[in-house]
Amino acid sequence: MSGGVDSAVAAARAKDAGHDVTGVHLALARNPQTYRTGARGCCTLEDSRDARRAADVIGIPFYVWDMADEFHASVVDDFVDEYAAGRTPNPCLRCNEKIKFAAVLDRAVALGFDAVVTGHHARLGADGLLRRSVDLAKDQSYVLAVLTRAQLDRAVFPLGDSTKERVRAEAAERGLAVADKPDSHDICFIADGDTRGFLEGRLGSAPGDIVDGRTGARLGTHNGAYGYTIGQRKGLNLRVPAEDGRPRYVLSITPVTNTVTVGPREDLEVDTVTATRPIWHEASASVRCDVQLRAHGEVVPASVTVAAGELTARLETPARGVAAGQAIVAYRPDPGGDIVLGSATITAGTRESAHA
Amino acid sequence: MAYLDHAATTPMLPAALDAYATAARAIGNPSSLHAAGRSARRMVEESRERIAAVIGARPSEVIFTGGGTEADNLATKGVFWARRDADPGRRRVVVSAVEHHAVLDAVGWLGRHEGAEVTYLPVDGTGRVDPAGFAELVRAHGDETAVVSVQWANNEVGTVQPIAELAALAAGAGIPFHTDAVQAVGQVPVDFAGSGVAALTLTGHKLGGPVGVGALVLGRDVACTPLLHGGGQERDVRSGTLDTPGVVAFAVAVETTVRAREQYAERVAALRDELVRRVLAAVPDAIHNGDAEHRLPGNAHFSFPGCEGDALLLLLDAKGIYCSTGSACSAGVAQPSHVLLAMGADDARARSSLRFSLGHDSTEADLDALLAALPGAVERARRAGAWKTPR
């Protein structure tokens, strides 16, 4: 129970369903701030208090579990390491994989509980299939697709069949004070939202070149390749304009040479995505389906093959802004909510067909 | 339900609750000059006399406060300020390493903001301060020491300190000696004058009185700068309208528990010994912490190797058994106990600790309930212990 509206309503619904529910708030920050500021940050003492008050109203026991060390080792350090390696991590996904459905779940099971209930917006019904939420704008199946079968078997997502609006209304009906608490955004452990500043504090300044992907010409310098993401256009501050005057985008990041490569928008287009560490729920290792390549990103049809610890997707229409470190999630369209077939961590996006 | 957390707070005695209700129905500010005020004042002064009589103090030495934390802050900060102002060379504050946070954090603040130099007296494996070490400190630094504070008995492991011995050493060097006796009054013999201390903290809710009222017993000749300024109601050292019903109920509780102490201690210590015996029989590798001889009668404190104290607490809580990890909490996050660490325990052992504390309404049935749940809880908590390993 983060202290937000979703987990509070999820807990209440789990209790109504007849389960013996205990509320747990995770203390993840080493130095929790006393008050939250706006929609950013989490795990403040105020959030802890909000969660406790929600548990009181629901009528369940409540405890705070200190997982700060695990969180820093598995999520924060991983986040920094991934950027340092030129990849773009998704810390929420990592937190689900390593903390909520690993450290928390393991401890809970050992203590005699059967499952972890969260306020994620995704559906997980009796058929065991993970599906998108009815609220597509709030759907979080992308950051849950990393969960293994064993993890899903001990997960409960009571909110997947409700819109966020409905969840808020229900919280108000239940007398939960968090009903109108603002949603959290951004990365919870970067309270001021300044990811580049956070990384610079952790990794130090590392000046390098920004080069043209087609000509190899040096166009400018940067203070650290980790500050860039594939597909990024703003903040490049290039001195030399492109010949055709069109905007340029980050095409790739090469940590070994500390180089950021840029080029025109069409050079971002990839039609083949390779990924590692696949989690695959589907019987068939080769399917035609939809794939999503980043959180809240567009969906493209593709042929996906899983073999030898690798996932390869041939996209039917090219995609842009495909960054290593992000997840590729495969979905089968379904009227009862698109079904997650599996996911993997993107290692590369390439262009096999000629440019149109 | 088995309530085994009397050291956190203990139920009000029926007589104290009745006295509270009666006094709360009457009107009158004890500082008012009319008949209603005089009546309230009379109740407060009679209460002061009752407390003084059983605690071995003069009535004028009893200063009512809003509880133990305020009394500890007043004693440490107030006496430090007064002594330092009288002689700027006196900036040292000496406390034991196992003090309650009401003392530790108060003197920590003095160190950060008032230029105090804080010296922490080490304790042995049972939690006792060594008088010889203290004597040496007094010899070396007595002149520059503003105040000393050593608790009468520890709130976590129940160890009783050699207060009279320590207080005599301080008195010999002219240093005011404060003791936090909130856990001790009503449990072990406490005599303010006889012990030779300059200041002593006691509080209502640890001995069957209400929460929110306590006292600092402060020797008449001990200078103390106020924390709270205002009407100067309590000897000009503490301001604020006196809580007449709280004070009356507090006095009833102090008088009742101190008078009944001997039989209480005998009964509860026997029950506690039974608890310790049964816990060690049920969980043979449990470690019983603290001092066998110098110990509060109601305290039992264990480390359960391989268990997280807060996992055990959760499991016992679910079975209606209420105990404590005895550690400080911020936002409910358990820290390893500074008391256990000071006693030489490592982090894992400090985190694996649980305190069971008995009180005036504890019975054999409470032990039965605990022992019915404990072995299963320990087994589960051991399996849950592996979660700490980073992955």
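Worth pointing out:
- The condition of being touching an Asp or Glu at 6+ places or on another chain (Cβ under 8 Å), under 21 Å from B:D291 (Cβ atoms), modelled with pLDDT of 95 or more and surrounded by fewer than 17 Cβ atoms within 10 Å (Cβ to Cβ) holds for only one of B:P122, B:P162, that being B:P122.
- The residues on offer are B:G174, B:G194, and the sole one that is outside any helix (DSSP H, G or I) and either at pLDDT below 95 or assigned by TED's automatic domain parsing to the domain that holds B:V54 (or both) is B:G174.
Yes/no per residue for (1) crowded, with 17+ Cβ neighbours inside 10 Å; (2) among the charged types (D, E, K, R); (3) touching a strand residue (DSSP E or B) at 6+ places or on another chain (Cβ under 7 Å):
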site: B:A167; (1), (2), (3): yes, no, yes
site: B:V197; (1), (2), (3): yes, no, yes
site: B:T203; (1), (2), (3): yes, no, yes
site: B:G209; (1), (2), (3): yes, no, no
site: B:V217; (1), (2), (3): yes, no, yes
site: B:R220; (1), (2), (3): no, yes, no
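- Looking only at the stretch A:307-324, residues that are of a type in the set (V, I, T) and in contact with a Gly (Cβ under 9 Å, 6 or more places away or on another chain) come to 1 in all.
- The listed residue being surrounded by fewer than 17 Cβ atoms within 10 Å (Cβ to Cβ) and touching a Ser or Thr at 6+ places or on another chain (Cβ under 7 Å), out of A:P207, A:P241: A:P207
Residue-by-condition table, conditions (1) in contact with a Ser or Thr (Cβ under 9 Å, 6 or more places away or on another chain); (2) under 22 Å from B:G230 (Cα atoms):
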| site | (1), (2) |
| --- | --- |
| B:A7 | yes, no |
| B:Y20 | no, no |
| B:R58 | no, no |
| B:E61 | no, yes |
| B:A116 | no, no |
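Residue-wise test of (1) within 19 Å of A:P91 (Cβ to Cβ); (2) over 15 Å from the mean Cα position of the chain (by Cα); (3) hydrophobic (A, V, I, L, M, F, W, C).
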site	(1), (2), (3)
A:A313	no, yes, yes
A:E316	no, yes, no
A:A323	yes, no, yes
A:I339	no, yes, yes
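- Close pairs (7 angstrom Cβ cut-off, 6 or more residues apart or separate chains): free of Cβ contacts under 8 Å to residues at least 60 places away in the same chain in the stretch A:218-242, in a loop (DSSP other than H, G, I, E, B) and of a type in the set (F, W, Y) anywhere: A:H222/A:Y228
- Summed over the stretch B:113-159, the residues that are assigned to a loop (DSSP other than H, G, I, E, B) and at negative phi give a count of 15.
- Residues of the stretch A:164-192 satisfying the condition of being within 23 Å of A:H19 (Cα to Cα) and in a loop (DSSP other than H, G, I, E, B): A:R174, A:G175, A:L176
- Among the residues listed as A:V143, A:V117, the single one being surrounded by 18 or more Cβ atoms within 10 Å (Cβ to Cβ), of a type outside the set (D, E), under 18 Å from A:D6 (Cβ atoms) and in contact with a Cys (Cβ under 6 Å, 6 or more places away or on another chain): A:V143
- The stretch B:89-110: number of residues that are in a loop (DSSP other than H, G, I, E, B) and of a type in the set (D, E, K, R): 3
- Hits in the stretch B:246-291 (condition: assigned to a loop (DSSP other than H, G, I, E, B) and over 19 Å from the mean Cα position of the chain (by Cα)): B:A260, B:V283, B:P284, B:D285, B:A286
- Taking the criterion of being among the small types (G, A, S) and touching a Leu at 6+ places or on another chain (Cβ under 9 Å), the residues of the stretch B:25-49 that qualify are B:S31, B:A40.
- From the options B:L242, B:L228, residue that is in the same structural domain as B:A21 (by TED's automatic domain parsing), touching a helix residue (DSSP H, G or I) at 6+ places or on another chain (Cβ under 6 Å) and surrounded by fewer than 24 Cβ atoms within 10 Å (Cβ to Cβ): B:L242
- Of the set (1) at pLDDT 95 or above; (2) crowded, with 17+ Cβ neighbours inside 10 Å, all apply to A:D20 but (2).
- Lone unmet requirement of (1) in a loop (DSSP other than H, G, I, E, B); (2) farther than 25 Å from A:R351 by Cα; (3) among the polar types (S, T, N, Q) for A:T221: (1)
- Of the helices (runs of 4 or more DSSP H) that lie entirely inside the stretch A:51-150, those containing 2 or more residues that are modelled with pLDDT of 95 or more and either in contact with a Phe, Trp or Tyr (Cβ under 9 Å, 6 or more places away or on another chain) or not assigned by TED's automatic domain parsing to the domain that holds A:G336 (or both) span A:77-84, A:91-95, A:104-110.
- The criterion of at least 1 residues that are over 19 Å from B:G212 (Cα atoms), at pLDDT 95 or above and among the basic types (K, R) is met, among helices (runs of 4 or more DSSP H) falling completely within the stretch B:1-80, by B:35-55.
- Residues located in the stretch B:273-299, provided they are crowded, with 23+ Cβ neighbours inside 10 Å and either charged (D, E, K, R) or without any contact (Cβ under 8 Å) to a residue 60 or more places away in the chain (or both): B:R295
- A:T312 vs. criteria within 11 Å of A:V273 (Cα to Cα) and either of a type in the set (F, W, Y) or not in a loop (DSSP other than H, G, I, E, B) (or both): yes
Yes or no, residue by residue, for (1) touching a Lys or Arg at 6+ places or on another chain (Cβ under 9 Å); (2) away from every other protein chain (no Cβ under 14 Å):
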{"site": "A:A55", "(1), (2)": "no, no"}
{"site": "A:I60", "(1), (2)": "yes, no"}
{"site": "A:D69", "(1), (2)": "yes, no"}
{"site": "A:F79", "(1), (2)": "yes, yes"}
{"site": "A:E97", "(1), (2)": "no, no"}
{"site": "A:A102", "(1), (2)": "yes, no"}
{"site": "A:G125", "(1), (2)": "yes, yes"}
{"site": "A:R131", "(1), (2)": "yes, yes"}
{"site": "A:D139", "(1), (2)": "yes, yes"}
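- Meets criteria (assigned by TED's automatic domain parsing to the domain that holds A:A344, of a type in the set (S, T, Y) and surrounded by fewer than 20 Cβ atoms within 10 Å (Cβ to Cβ)) for A:T221: no
The values are calculated or read from the model by the stated rules, or taken from the named source; none is laboratory data. What you see is a predicted model; the values in this text were computed from it and never measured. For neighbour counting, all protein chains shown are included, and Cβ atoms are generated from backbone atoms with ideal geometry for every residue, glycine included.
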